[in-house]
Structure formats: structure tokens, C-alpha cells
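One structure is given below, encoded as C-alpha cells.
The numbers here are math on the coordinates, done by the rules we state, and not lab data. Small disclaimer: the values here were computed from a predicted structure and weren't measured. Neighbour counts run over all protein chains shown; Cβ positions are idealised from the backbone, glycine included.
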Amino acid sequence: MNFEQLIPLIPLIDQVQAYTETYKVTVQPLRHHLIIVRQGHLTLHRTGHEPIIVSQAYACHPDQGDYVIQVPRTKAVSYVLLTYHVLPDDQTWHLHGHLTTLSEIKIHYMLDELIRTTEEVPTSTAEEEAKMSFRKRMMLERILYIYLHESDLTHEKKTAAEAIEGTLSYINEHYMLELTLPMLARRAGMSVGYFTVLFKKKTGTTLMNYLYTLRIEKAKMMFQQTDLLAKEIAGCVGFLDYFHFSKVFKKKTGTTPSAYQGAIDKI
């Protein structure tokens, strides 16, 4: 889908509904769905297709058939299902698949306004109804603009697998710096929830466990190859707190840094 195709079309909202639980969606002809995740991540299940993990947004085309929006049993999830159609009816609307944005605050603000306008603002005349419908249409167009524009910016034709590979390379080169989950997820162009799922699928462990394991291996090499003190080595591999370094080192190796260093000195 591109902006040239969007120019002659008018998107109109049919329904905006917030959910926190698994929901089965029955599609109707010419009715499109936009799933926007507000917290956590969810999975789309469609008969005969592989499950799709969604962390930000996903556009569902009616030609794809019914589907189930499933939330994890152990994670808090909230999302909005926005149903809409486009005019004129005889025009083709192709939007389908993952959508990403760096402007989630803007999107969520407009979702709040859409829900409030739909549920709380009364209309008693045809003029007021038309005014509300036009306002909702403008917000929907703004949401679509942000997703279409920023999806192009963030995707960069790069797959999720390539983004995780890039993250691993970055960690291996910069393990000594202060690395956080939110920072690395944003660098990969993903939400924290989606990044966490893909990282564990790729490595078999969590980000912090991977990082700590790498740092301790680097520390062991430094103990073997240098005469630096344990506190100095802790700082060199990214630990600002020696007590934390000592605790992680013992958990990973079964011994304390000083005992490990002492054993090396005796060799």
C-alpha cells in the first residue's frame, strides 16, 4: 500500500474496541481491521497459516479470512481492534501485514480520543453526527499516515531475524558499555515485548543472561591474560558495581573473582 493509492480513497471508522483478552474475529466483506498493541505483544492465528507475533500493529485484509487474536497467559496485554471501510466501495484497498512506528505516544493519544468520542460524546442531530464522523475520519487518516510513513522508515527492507543478528553483533562489540533492553529493542526497531520473544528464540536465553555470560567470559580471559585487579576487570567488562560483578561471576563460574584469580596465579 502506498500514498498514491490512498489519495482517492476515504477511510471511515465503523468500530473502535479495546481488549485485554483473546478474541476471535469474524471478518465481513469490505471491512478491514487494524490491530494496535498498547501493552505487551500478541499472536494472530489463522487456519492453515503460521502464527504471527504482533508487537505494534497489524493490518488485516478481509480476503484473508477469520482469525484469532491470542494474548499470552502469563503476560498483561492490551490492544485496540479498529474496524473500518473505505469509499468508494469499488476501489481496491491493499493494506495488510505488520506496521511499525516510532510515534506510539501519538497513536495512543488518538486511540484514546477515538474511544472517548465513540463512547462518551453524545450526538442529538444529524449535523453533530456528521461532525463526529468527520473528526474520527481525520484521526484514522492520521493514524494510517503515521504507520505507512514510519513503517517505510523503520523496516529498511530488513527482516526481524537480521535485526536480531545485528543486535548480537552489536552486543559482542560493545559488551563493556551500558546496554539496556529498551535501548537495544529500539535500536532493532521493535517493541520490548517483540524483541524479547525473538531474542530468546534466536539465542535460547534472555538478553541479560546472554550479556552477563558474555561479560563473565571476557572477564575470565582478562584474568588469564592481564595482571589487572578484579575491580578493574569488572569495570572493563561493563560492571559498574563490583559487588554485582562478584555475585554474577560466582553464579556463572561457581567461584569468586578473587578465588579464580588466585587459582590462575598458582598455575
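One chain, two ends: K201 and L229. Fully extended at 0.36 nm per residue, the span grows by 6.4 nm beyond their Cα-Cα distance. Sequentially through region 29-45, phi angles give Karplus couplings (6.51, -1.76, 1.60; θ = phi - 60°) of x, 6, 10, 9, 10, 10, 9, 10, 7, 9, 8, x, 8, 9, 10, 9, 10 Hz, Gly and Pro residues having no value and appearing as x.
Remark: the chain carries a charge dipole of roughly 1420 debye about the Cα centre, counting +1 on each Lys and Arg Cβ and -1 on each Asp and Glu Cβ. If only the Cβ of Lys and Arg carry +1 and only the Cβ of Asp and Glu carry -1, the dipole of region 160-266 around its Cα centre is close to 400 debye.
In this simple spin-label approximation, Q5 and E128 carry label points 7 Å from Cα along the Cα→Cβ vector, and these lie 3.9 nm apart. Separation of the alpha carbons by more than 29 angstrom is noted, of K200/K250; K202/K252; K200/K247; K136/K201; K24/K106; K201/K252, for K136/K201. Remark: spin-label model distance A259-S169 equals 4.0 nm, labels positioned 7 Å along the Cα→Cβ axis. Could you tell me which residue out of L102, T118, M132 lies farthest along the dipole of region 3-155 toward its positive end? Charges go on the beta carbon: Lys and Arg +1, Asp and Glu -1, centred on the Cα centre. Of the listed residues, the answer is L102. Look at the alpha carbon pairs under 8 Å that are at least 6 residues apart: their mean separation over the length of the chain gives a relative contact order of 17 percent.
Quote to one decimal, in nm, the extra length available between N209 and E119 on full extension: 0.36 nm per residue of separation minus the C-alpha distance between them. Let's see the in-between values first.
Numbers: separation 90, 0.36 × 90 = 32.40 nm, distance 4.52 nm.
Length difference between fully extended and current span is 27.9 nm.
Counting only DSSP H runs of at least 4 residues, each contributing -39500 (n - 2.57), and dividing by the residue count of the chain, the helix-based mean residue ellipticity at 222 nm comes to -15500 deg cm²/dmol.
Length gained on full extension, H49 to H94: 14.3 nm, using 0.36 nm per residue less the C-alpha separation.
Treating only the Cβ of Lys, Arg, Asp and Glu as charged (+1, +1, -1, -1), what charge dipole size does region 3-155 show about its Cα centre? Round to the nearest 20 debye. Write out the running numbers ahead of the final one.
Working: 13 positive and 19 negative charges, 95 e Å.
Dipole size: approximately 460 debye.
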